[in-house]
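See structure below.
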Amino acid sequence: MIVLRLKNEIEVPVEMDGILPSAISGKSREEIEAMKIYHGNRIVSLGEIFHVSVEEGDEDTILCDGDFSKVKWLGSGMDGGRILVRGNAGVHCGARMKDGEILIEGNADDYLGAEMTGGKIEVKGNAGNYVGSAYHGDTKGMRGGEIIIHGSAGNFVGEKMSQGSITIKGNAGDFVGYRMSGGMITVEGDAGITGASMLGGRITVEGDCIVPPTFERTEDGLTGDFIEGGKGVLITGT
Amino acid sequence: MNLIIKNGIVYDPANGISGEKMDIFIEDGRIVEEVKDGRVIDASGKLVVPGGVDMHSHIAGGKMNTARVMRPDDINSRKKVNPGFRAESGYTVPNSYGIGYRYARMGYTTVFEPANPPLSALHTHEELDAIPMVDKGALVLTGNNWNVMNFVRERDIEKLKAYLSWLIFKTKSYGIKIVNPGGIEAWAYGKNMRGLDDTVPHFEVTPREIITNLIRANESLNLPHSVHLHCNNLGVPGNFETTIESMKLAEGFNNPERQVLHVTHVQFNAYAGDSWKTFSSGAGEIAKYVNSHDNITIDMGQPVFGSATTMTADAPAQFALHKLTKAKWGNMDVELETGAGIIPFYYSPKNPVTAVQWAIGLELGLLVDSDRVVLSTDNPNGGPFTAYPDIMAMLMSSKKREEELEKAHAFVGKATSLPSIDTEKTLEEVIQMTRSLPAKILNLPRKGHLGSGADGDVAIYDINPLETDPSREHERVKKAFSTAEYTIKNGEIISEKGEIKKEVYGKTIWVNSFREDDWNLIGDDVSRIFSFYSLELSNYGVEESWIRNSSPVEVA
């Protein structure tokens, strides 16, 4: 197991795309320290920012110990292995990941698991906006895999998602499942405007939520969004 | 500084040179008979041709920026850092630097923007100014302009001529472009022009009258370029008949120097059938007409499998496309002049319609004589210009086409004749279609050839044409044309093996057509129309001093 600890508190974010379990496995500590990352607009080696140590545990695991909220793109494009964050994770964590597992014990920021196609992300705290969403201009968001958030999430959960599942144990913000075409979103608490422009898939909100007027009540629950000719299903608790 | 390109194998169709081993000399940016000394490039065993000329590529203007805003996905899809130079981003709608660098890497040195809306001419020129590496120019949109339609209705050819020369001068354009004549004005009322004899609402003129009168005025003004026409009914099954009818409007006009009508991106206007189910190719009929009439030239508008961004002044056609694909749609209205529509598109080999479009483009490229058809993708409507090497290879190799056809939908075999065409264009013909012919059509005497007096724009490719069989070794041909060994602009090496060596800013070529008398003739009419504009007449147009490297052409 590789353990990363921040040497000093960082003001300018670092970008960790490319520092993946599959990329570090089999590498020595020195080799890992020499890997390049962006710090602001400068290219630096990992060892300049992080204290790297090799500890007992699974070989394909990266443990991020500390507050990683200024660390962007953690586990993005990940294709296997595990990343554990003992603290908060920064934006784009798990974006476009294909396989593997990310566990965040603190909070996650925006774009958690955006456009992911497989694997699993679990957050013990809260997540920001755009969980499992598409990036601007792209036609599809999350395309597979699973996201579980024990706390609450912000706006645009599962925007444009087409497959996979998102579970929010707390509350969600506005535009849950905006333009989603497939997959499943479950919000165990309350949500804001839900299902707008939905084309397919299923959303369950166990608490309160605002349903757009463009949904029809059928025996499956609410279906819509008929303004888009959509066939999504929306189940609400109230 | 002088430059000597030694021992290259030269193809220069305009001067009748085909695969001769010879030296090319450049002095003070121009090609000369001989220079004593200078920097020597050893081009032995390499192909030496004039710098590429793209006569129809959307690279500037309001719609380009709107497309960039609409397509963050495209901007994010490609990124390249060029140490010491500007960064590039985007694929079908790259940033301005990316456009210049990519053309330079490919060995192209001249590019014309074919759609300059008068009202946003300043924007067009600001963007052209931001594109490095190439010489450029723009054609002004006239087919739906209120003044033009008024003068056509009044049958006042003198006023029409005066207005056109004022407009070209005011917008610093190189020639006249017509897009869906009358149709974009009709679109303001939710309508379109379905044939040459439909009537434009409130103007009581027909597309036939607009095209004919603009050709008459263009020829009478003796402008360097002919009328450049995007026909009515673009993208509609059965539209090849409209296209041929439009071509017939040029009969009766003649110009010893050049064509009198250039019909552009003909692939989009070469459809037979009467619905998408019975959709088939009308390329054969069009090729037959073009080959038998020497006052017409065309360009292909070849689709490329993959991502594209359709952008055209033809706003009603774009609305129809949006209804068809449900993709996001941008619509622009340019007051009393024109409009535009923008939609991202994907040409899939598996989709029967887009596969047939792809095949029709190639049919046109193969069936039309090489002195009548220019290679183009109508960048980025059919795909990005960076696909030109791939298209060149397909034109030269029936083997490559067979390979591509295997991936394409079987409908291609039913709807087009492409599988049975075994024509292979020669290297010389392809050089003609990408260099000398577009330069001749645009009437740029210093472009597209390597004769004495031409601009020192040369491309050197790492391929020996005498030892290469393009039919068999199409992969090598494509690779060689994708990245020029050297691209030389006015005698300076600007790109070498894909690496930018020097950033230069080319000329903006425009036609200085205006005479003082013109304004006396049309001043009252134009001023009256300006009461409907959102802009004052005094703020309209582009001053020469605002252009980075202005290069006016005088009219004889």
Starting from residues that are more than 30 Å from residue B:329 (Cα to Cα) and touching a Phe, Trp or Tyr at 6+ places or on another chain (Cβ under 9 Å), keep the ones in the range A:95-123 and report whichever is farthest from the other protein chains (Cβ to nearest Cβ).
A:106
Restricting the search to the range B:459-486, which residues are crowded, with 21+ Cβ neighbours inside 10 Å and not in a loop (DSSP other than H, G, I, E, B)?
B:459, B:460, B:461, B:474, B:477, B:478, B:480, B:481, B:486
For the structure I just gave you, tell me whether residue B:435 is farther than 22 Å from residue B:26 by Cα, among the basic types (Lys, Arg) and not in a loop (DSSP other than H, G, I, E, B).
no
Which condition breaks for residue B:197 when tested against (1) touching a residue at least 40 places away in the same chain (Cβ under 8 Å); (2) more than 21 Å from residue B:324 (Cα to Cα); (3) more than 21 Å from the chain's Cα centre (by Cα)?
(1)
Candidate set: the range A:96-114, residues that are of a type in the set (Asp, Glu) and more than 9 Å from the chain's Cα centre (by Cα); chosen: the one nearest to residue A:180 (Cα to Cα)
A:99
For the range B:484-508, which positions are within 18 Å of residue B:447 (Cα to Cα) and β-branched (Val, Ile, Thr)?
B:487, B:488, B:493, B:494, B:504, B:508
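Yes or no, residue by residue, for (1) under 20 Å from the mean Cα position of the chain (by Cα); (2) of a type outside the set (Ser, Thr, Tyr); (3) surrounded by fewer than 20 Cβ atoms within 10 Å (Cβ to Cβ); (4) within 14 Å of chain A (Cβ to nearest Cβ):
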residue	(1), (2), (3), (4)
B:31	no, yes, no, no
B:39	no, yes, yes, no
B:48	no, yes, no, no
B:51	yes, yes, no, no
B:54	yes, yes, no, no
Can you confirm whether residue A:112 is part of a loop (DSSP other than H, G, I, E, B), touching a strand residue (DSSP E or B) at 6+ places or on another chain (Cβ under 9 Å) and either without any contact (Cβ under 8 Å) to a residue 24 or more places away in the chain or of a type outside the set (D, E, K, R) (or both)?
yes
In the range B:370-386, which residues are part of a helix (DSSP H, G or I) and aliphatic (A, V, I, L, M)?
none
Taking only the range B:415-432 into account, find how many residues are assigned to a helix (DSSP H, G or I) and within 16 Å of residue B:284 (Cα to Cα).
4
Given B:213, B:233, B:192, which one is buried (at least 21 other Cβ atoms within 10 Å of the Cβ), farther than 26 Å from residue B:136 by Cβ, in contact with a Gly (Cβ under 7 Å, 6 or more places away or on another chain) and not small (Gly, Ala, Ser)?
B:192
Residue list for the range B:11-28, filter: over 20 Å from residue B:436 (Cβ atoms) and assigned to a loop (DSSP other than H, G, I, E, B):
B:28
Using the structure shown, decide if residue A:126 is in a loop (DSSP other than H, G, I, E, B), surrounded by fewer than 24 Cβ atoms within 10 Å (Cβ to Cβ), away from every other protein chain (no Cβ under 14 Å) and in contact with a Ser or Thr (Cβ under 6 Å, 6 or more places away or on another chain).
yes
Residue A:141 - would you say it is part of a loop (DSSP other than H, G, I, E, B) and either within 14 Å of another protein chain (Cβ to nearest Cβ) or aliphatic (A, V, I, L, M) (or both)?
yes
Residues of the range B:61-81 satisfying the condition of being touching a residue at least 40 places away in the same chain (Cβ under 8 Å), more than 14 Å from chain A (Cβ to nearest Cβ) and out of contact with any helix residue (DSSP H, G or I) (no Cβ under 7 Å at 6 or more places or on another chain)
B:63, B:65
Report yes if some residue within the range A:32-51 is buried (at least 16 other Cβ atoms within 10 Å of the Cβ), part of a strand (DSSP E or B) and hydrophobic (A, V, I, L, M, F, W, C); otherwise report no.
yes
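Residue-by-condition table, conditions (1) modelled with pLDDT of 95 or more; (2) over 30 Å from residue B:4 (Cβ atoms); (3) assigned to a strand (DSSP E or B):
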site: B:488; (1), (2), (3): yes, no, yes
site: B:495; (1), (2), (3): yes, no, yes
site: B:505; (1), (2), (3): yes, no, no
site: B:519; (1), (2), (3): no, yes, no
site: B:522; (1), (2), (3): no, yes, no
site: B:527; (1), (2), (3): no, yes, no
site: B:530; (1), (2), (3): no, yes, no
site: B:534; (1), (2), (3): no, yes, no
site: B:541; (1), (2), (3): no, yes, no
Members of the range B:401-414 that are within 27 Å of the chain's Cα centre (by Cα) and more than 30 Å from residue B:109 (Cα to Cα)
B:405, B:408, B:412
Does residue B:279 qualify as being crowded, with 24+ Cβ neighbours inside 10 Å and farther than 21 Å from residue B:112 by Cα?
no
Residue B:91 hydroxyl-bearing (Ser, Thr, Tyr) and within 14 Å of another protein chain (Cβ to nearest Cβ)
yes
In the range B:312-369, which residue that is part of a strand (DSSP E or B) and in contact with a Pro (Cβ under 7 Å, 6 or more places away or on another chain) is surrounded by the most Cβ atoms within 10 Å (Cβ to Cβ)?
B:338
State which residue is surrounded by the fewest Cβ atoms within 10 Å (Cβ to Cβ) when the search covers only the range A:205-228 and only residues that are of a type outside the set (Asp, Glu) and in contact with a Leu (Cβ under 8 Å, 6 or more places away or on another chain).
A:221
Across the range A:129-138, which residue is farthest from the chain's Cα centre (by Cα) among those that are surrounded by fewer than 20 Cβ atoms within 10 Å (Cβ to Cβ) and within 14 Å of chain B (Cβ to nearest Cβ)?
A:137
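The values are calculated or read from the model by the stated rules, or taken from the named source; none is laboratory data. Only a predicted model underlies this, so the values are computations on that prediction, with no experimental measurement involved. Glycine also receives a Cβ, built like all others from the backbone with ideal geometry; neighbour counts cover every protein chain displayed.
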